[in-house]
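These notes concern the structure reproduced below.
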2 protein chains.
Amino acid sequence: MSAPEAQRSARPRALRPSAKVLPEHARSHNRSLVLQHLYRGGLQSRADLARETGLTRVTVSDLVAELIADGLVVETGQREEGRPGKPAILLDVNRDGHRIIGIDLSDTGVFRGAVLDIDGRLVTRMEAETDGAAGDEVAAVAVQLVRDLVAAADRPILGVGIGSPGIVDLAGRVLSAPNLEWSDLALQSIVEKTIGLPVLVANDANAAALAEHSFGAAVGDLMLIRVGRGVGAGLILGGMPVFGSRFAAGELGHVVVGTDGGELCVCGKHGCLETWLSVPRLRAGLAAASDDADRDAVLRRAGERLGIALAPVVGALNLDEVVISGPVELLDGPLTQAAIETFRARTMAEFHGRLTVRMSDLGQDIVMRGAAAMVLSGRLGVS
Amino acid sequence: MSAPEAQRSARPRALRPSAKVLPEHARSHNRSLVLQHLYRGGLQSRADLARETGLTRVTVSDLVAELIADGLVVETGQREEGRPGKPAILLDVNRDGHRIIGIDLSDTGVFRGAVLDIDGRLVTRMEAETDGAAGDEVAAVAVQLVRDLVAAADRPILGVGIGSPGIVDLAGRVLSAPNLEWSDLALQSIVEKTIGLPVLVANDANAAALAEHSFGAAVGDLMLIRVGRGVGAGLILGGMPVFGSRFAAGELGHVVVGTDGGELCVCGKHGCLETWLSVPRLRAGLAAASDDADRDAVLRRAGERLGIALAPVVGALNLDEVVISGPVELLDGPLTQAAIETFRARTMAEFHGRLTVRMSDLGQDIVMRGAAAMVLSGRLGVS
DNA sequence: ACATGTTTGTTAGTAAAGCGTACGAACAAA
DNA sequence: TTTGTTCGTACGCTTTACTAACAAACATGT
């Protein structure tokens, strides 16, 4: 036991000051809570919702009345069950009452967009060629695509979600997107002003991760690896996307993998994850391969590198799931298999016994559906 | 544009159902908010707090009255300023009115504990030898240490924080701590029942990370690497600790680093981070070294491995800071320097320009102070 | 057939939380 | 002394969710 000693002032310094909470905020939280249960659980009565949420029947009734007035919830008739008591009036989210616009700007040469319903199903699909445009010009193409989709929607539109390549901040500014030659482009506010609807912009990999979380088979904390021209990742921890302090979370493409050199990358380093795993490099490797065994080896080598890069991340975050998204013919098979094996060989299996590594089954629409999930989450508090 | 197509049901499955929010929860949030501002900002008047929090002077007055009644806040006289108007009554957290017990179970052979004040300064320090005990026996040593510290405290005790090695769940159960031969030990509830005070238990690396966040020089998202008998890490993202889905976040010690083999680890793999970086291995390496240059090389090699392991994690999370905690004579110097260099060589500097890698300056007390921070955060909502 | 019990949804009244307005107190400057 | 400013508090109001009570609608047992 020692006497109190001189220590430097222990008072912590500034942080984000958090915000006050008013009763109305609590109300909107509970409103979202009710909507969320209804969204997931399907047909339920007010009494069911009260039991599930822990709120009173009275309160639920009140919230539901508000949701019905807003057109978000509808009564769908009575429950036909041989139970005693007054039959329940079933409620459901007004799944066909609204539309969402989802945009994917991440592909090369073409912007994809769609009108989606509340459940994230594509209703109308559109594309817009970018014809090698860049900067403001290509931004105008995106805006026009949104405009066309808004015109094509046959229901009120909840909002517009956009998945963009590059670094995107929380206000929907694209801080840097080299392929489109965007820097500090206030995409969200531009589209919002033009269209007059709520707009949300996020990085494409983050959007994809959200899609997997909301509409895919994902269960808990997950990382989504997007393999395309480059390699990017999106992270969902505890149901919330991880953005990183400079909004650059998931920028894994230019991390060097392994300690044995590697090919030269456009960034000037050797052995970046992209040099092992990007689609162009994979295709080139396959084209140069002489036979099937050789092709297999190319894919397995890429998968091994992915496993090597993932091991520390999964260890540090104790993830449940790693999902890979990209061209199925390249990624599904030896590549994923090798990633799993490498990963298992390089981490403690007992901590990560439940980790699954798999391909996404959302296909090419993953970013558009993720963009829709952003709108659902941002506007309705539903995920 | 294509017609609506058949897609598999898009409805997401079960997630954490979140919880309802009642007005009283909002109140306690605002109460914590006021306390937080006071804790960080020092002497302030009610009107100051109202301006900073956005709440009304009336509401702040009400909350402050409650905090004064609870003994957490005191009036410390009037402000002496040549300003017009009624002079302000200054408030401050009752910094000397309560104590916190902080416990560190992570060291080999000895448990450390301390009575701390609200600002995280050590007031009374104690130690308890474990004498090679294990299981329930060594748990009893910990309980006795807490009891002694409670008896030594000269003020009301806010709570007990414990940093334990191993995997600890959110309820303070130590799921697995091989060194102490604990598995599924409900440490928090055991101590709580014995002592009759609020108890919080967390992993030692997580506690250390919290200490760095609360009392150290840390600014934003950070990862704390704890180098001792093994290697562990704690993560703070957005001010919140990351636990991982199986509560095993930060278990980096047994991730294989590099692609060029490495020494055999106790876990059976070759080249785990622990085989490069643990204190025993470092000391052995230094002892075997012939001259200073050789010793430097040993430390640099270890630092390089740390950098290799960190690169994907920092890339994936876009961290602000990596803090290293452990024996200064080993870690501070060539090792840290090599880690920084390796790291910079393996990632995109432009994304991580603001990343800093440094030693913690909280020394040996880091876990105890982190344990105190857990109590501050859990009991007062202050961080 | 009829009473009984159950479940549902609503009405009425209550407690808590924070707001806006207004007021007295205490001070500086003119 | 007067004026203007700032601080802290008293009062009344709105919002929110709660409890209690009730009517409606149904199944079941006698």
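Here is how far apart the A:GLY97 label points are across copies: 5.1 nm, shortest first, using a point 7 Å from Cα toward Cβ. Within the listed set B:GLU321, B:GLU251, B:GLU329, the Gaussian network model of chain B (springs between alpha-carbon atoms below 10 Å) gives the highest mean-square fluctuation for B:GLU329. Shown for B:PRO23: label points 7 Å from Cα along the beta-carbon vector, and their distances to the equivalent points in the other copies, 0.4 nm in ascending order. Note on the protein assembly as shown: the alpha carbon radius of gyration divided by the globular reference 2.2 N^0.38 Å gives 1.01. Rounded to the nearest 20, the Cβ-based charge dipole of chain A about its Cα centre (Lys and Arg +1, Asp and Glu -1) stands at 1340 debye. Across region A:157-167, rounded Karplus estimates of 3J(HN,Hα) from the backbone phi angles (6.51 cos²θ - 1.76 cosθ + 1.60, θ = phi - 60°) give 9, 6, x, 10, x, 10, x, 10, x, x, 9 Hz, Gly and Pro being marked x. Over the C-alpha atoms of region A:23-93, the Rg to Rh ratio, Rh being the Kirkwood estimate, stands at 0.97. Pairwise inverse Cα distances across region B:91-226, averaged and inverted, put the Kirkwood hydrodynamic radius at 15.2 Å. Other protein chain C-beta atoms within 10 Å of residue C-beta, averaged over B:313-326: 6. For the options B:PRO241, B:PRO312, B:PRO87, a Gaussian network treatment of chain B with springs between C-alpha atoms closer than 10 Å singles out B:PRO87 as fluctuating the most.
Taking all protein chains as they are arranged and a probe of 1.4 Å, the heavy atoms of A:SER176 leave approximately 40 Å² accessible to solvent. Measuring with a 1.4 angstrom probe and ignoring ligands and nucleic acids, B:THR130 comes out at about 10 Å² accessible. By the Kirkwood approach, averaging reciprocal distances over each pair of separate Cα atoms, region B:188-294 gets a hydrodynamic radius of 16.1 Å.
Rounded to the nearest 0.05, the FRET efficiency derived from the C-beta distance between B:MET359 and A:GLU181 at R0 = 51 Å is 0.80. Taking the label point 7 Å along Cα→Cβ, B:ASP70 and its counterparts in the other copies are spaced 3.2 nm apart, in ascending order. Selection among B:CYS267, B:VAL146, B:VAL34 by position relative to the dipole of chain B gives B:VAL34 as farthest towards the positive end (Cβ unit charges, Cα centre). Between A:ASP320, A:ASP148, A:ASP204, the GNM of chain A built on Cα springs shorter than 10 angstrom shows A:ASP148 fluctuating the most.
Principal axis extents of the C-alpha atoms in region B:287-382 (largest first, rounded to whole Å): 52, 35, 16. Mean residue ellipticity, 222 nm, helices only, the protein assembly as shown: the sum of -39500 (n - 2.57) across DSSP H runs of n ≥ 4, divided by residue count and rounded to 500, is -12000 deg cm²/dmol. With the dipole of region A:67-223 worked out from charges on the C-beta (+1 for Lys and Arg, -1 for Asp and Glu) around the Cα centre, which of A:VAL160, A:SER183, A:GLN78 lies farthest toward the positive end? About the Cα centre, the residue reaching furthest to the positive side is A:GLN78. Under 24 Å of direct C-alpha separation, and excluding same-chain neighbours fewer than eight residues apart, B:LYS193 reaches no lysines at all. Scattering from the C-alpha atoms of region A:217-361 alone, worked out with Debye: what is log10 I(q)/I(0) at q = 0.11, 0.12, 0.17, 0.19 1/Å? Treating every Cα as an identical point scatterer, log10 I(q)/I(0) equals -0.39, -0.46, -0.94, -1.17. When restricted to Cα atoms, region B:235-279 yields an Rg and a Dmax of 13.2, 37 Å, respectively. DSSP bridge analysis restricted to chain A gives an antiparallel fraction near 60%, rounded to the nearest 5. Each Lys and Arg adds +1 at its Cβ and each Asp and Glu adds -1 at its Cβ; summed about the Cα centre, region A:118-164 shows a dipole of about 300 debye. Here the dipole of region A:23-93 is about 240 debye; that uses its Cα centre as origin and unit charges on the Cβ of Lys and Arg (positive) and Asp and Glu (negative). For chain A, the spherically averaged projection of the C-alpha convex hull amounts to 28.0 nm². Among B:VAL313, B:GLY244, B:ALA217, which residue has its Cα positioned farthest towards the positive end of the charge dipole of region B:217-361, with +1 placed on the Cβ of Lys and Arg, -1 on the Cβ of Asp and Glu, and the dipole taken about the Cα centre? Positive-end residue among those listed: B:GLY244.
The values are calculated or read from the model by the stated rules, or taken from the named source; none is laboratory data. Note that the structure is a prediction, hence the values are computed from the model and not measured. Glycine also receives a Cβ, built like all others from the backbone with ideal geometry; neighbour counts cover every protein chain displayed. These accessible areas exclude ligands, DNA and RNA; they are computed on the full protein's heavy atoms, side chains included. Shrake-Rupley method; radii C 1.70, N 1.55, O 1.52, S 1.80 Å.
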